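To start, the structure itself, in structure tokens.
The values are calculated or read from the model by the stated rules, or taken from the named source; none is laboratory data. Predicted model only: the values in this text are computed from it and were never measured. So basically every Cβ, Gly included, is an ideal-geometry build from the backbone, and we count neighbours across all protein chains shown.
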Amino acid sequence: MKITPLYDNILIEAIKENEISKGGVYIPETTEKEKPQRGIVVAVGPGKNKDGSWYTPVVKVGDEILFNKYGPNEIKIDDKEYLVATENDILALITNE
């Protein structure tokens, strides 16, 4: 299934944090964990301002990003979990430079 976000929406695949704590303790699936804040951009909408004008979004498919913890909406497609956020929910691009 192909998903194409509309307007300034961005489809994100969250990067799950390590399942082991800093002290070396395994954290089971049933334990409440922090929501992820890092992800990989899977799809990007065309970009539309509130005034109706179009723009080129800053992020692109494949970018690793840091996003607002409580901004994105969670969705599940074909048993895989994704997040849908607006470009305003993205805080930074992560690079290895």
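Quick notes on this one:
- Matching entry among Asp79, Asp63 (being crowded, with 16+ Cβ neighbours inside 10 Å and not basic (Lys, Arg)): Asp63
- Qualifying position, being modelled with pLDDT of 85 or more, in a loop (DSSP other than H, G, I, E, B), among the small types (Gly, Ala, Ser) and out of contact with any helix residue (DSSP H, G or I) (no Cβ under 6 Å at 6 or more places or on another chain), among Gly62, Gly23, Gly39: Gly62
- Selection within the range 65-97 - polar (S, T, N, Q) and either within 15 Å of Leu6 (Cβ to Cβ) or not in a loop (DSSP other than H, G, I, E, B) (or both): Asn73, Thr86, Asn88
- The range 48-59, residues that are surrounded by 11 or more Cβ atoms within 10 Å (Cβ to Cβ) and not in a strand (DSSP E or B): Tyr55, Pro57, Val58, Val59
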